[in-house]
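**Q** Quick one: structure below, then a few questions.
We did not get these values from a lab; they are worked out from the coordinates using the rules stated. All values reported here derive from a predicted model rather than from experimental measurement. A quick note on method: Cβ atoms are made from the backbone with ideal geometry, for glycine too, and the neighbour counts reach across all protein chains shown.
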Amino acid sequence: MAKQRILVKPNARRSSVSVGPEGQLVVAVRAPATEGKANQELIAVLADYFQVPKSRIQLVKGHTSHHKVIELLD
């Protein structure tokens, strides 16, 4: 499927998904940005948002950055 650019905001009060400038998704996650915890929660939040299994979401780029690229797999 398509690739999507994501902006991640770790250490948020609550997890949420919103649409930012230029249609970019902004995802707030409660987890800290250490040891991959924020990436794991990001995948869980996006799976719920897109209503797909977590296994269909792949983090393509930006493993250690706030700016990430994900891909929804078929």
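**Q** Mind giving me the nanometre distance, one decimal, between the label points for K61 and L73, set 7 Å out from Cα along Cα→Cβ?
**A** 2.0
**Q** Now, a different point. What's the lysine pair count for the chain at a Cα cut-off below 14 Å, pairs eight or more apart or interchain?
**A** On the way: K3/K61; K3/K68; K9/K37; K9/K68.
So the count of such lysine pairs works out to 4.
**Q** Sticking with this structure for a sec: Can you list the equivalent-ellipsoid semi-axes of the chain, largest first and in whole Å, using the square root of 5 times each Cα gyration tensor eigenvalue? Let's see the in-between values first.
**A** Working: eigenvalues 56, 37, 30 Å².
Taking √(5λ) for each eigenvalue gives 17, 14, 12 Å, largest first.
**Q** Net charge near A47, counting Lys/Arg +1 and Asp/Glu -1 over other residues with Cβ under 9 Å of its Cβ? Please report the intermediate quantities before stating the final value.
**A** Working: positive: K54, R56; negative: D48.
Every neighbour counted, the sum reads +1.
**Q** Report, in deg cm²/dmol and to the nearest 500, the calculated mean residue ellipticity at 222 nm for the chain, where each DSSP H run with n ≥ 4 adds -39500 (n - 2.57) and the sum is divided by the residue count.
**A** Details: 1 runs with 14 residues, N = 74.
Helices in the chain give a 222 nm mean residue ellipticity of -6000 deg cm²/dmol.
**Q** Could you work out the local net charge near G62, counting Lys and Arg as +1, Asp and Glu as -1, over the other residues with Cβ closer than 14 Å to its Cβ? The partial results should precede the final answer.
**A** On the way: positive: K3, R5, K9, K61, K68; negative: E71.
So the environment of G62 carries a net charge of +4.
**Q** Hey, another quick one. What are the residues whose amide H is under 5 Å from the amide H of R30, where those residues sit 5 or more places off or on another chain and H is modelled from the backbone?
**A** HN-HN under 5 Å from R30: A12, S15.
**Q** Can you give the net charge of the other residues whose Cβ lies under 12 Å from the Cβ of N11, counting K and R as +1 and D and E as -1? Show your work: numbers first, answer last.
**A** Numbers: positive: K9, R13, R14, R30, K37; negative: E41.
Charge balance near N11 sits at +4.
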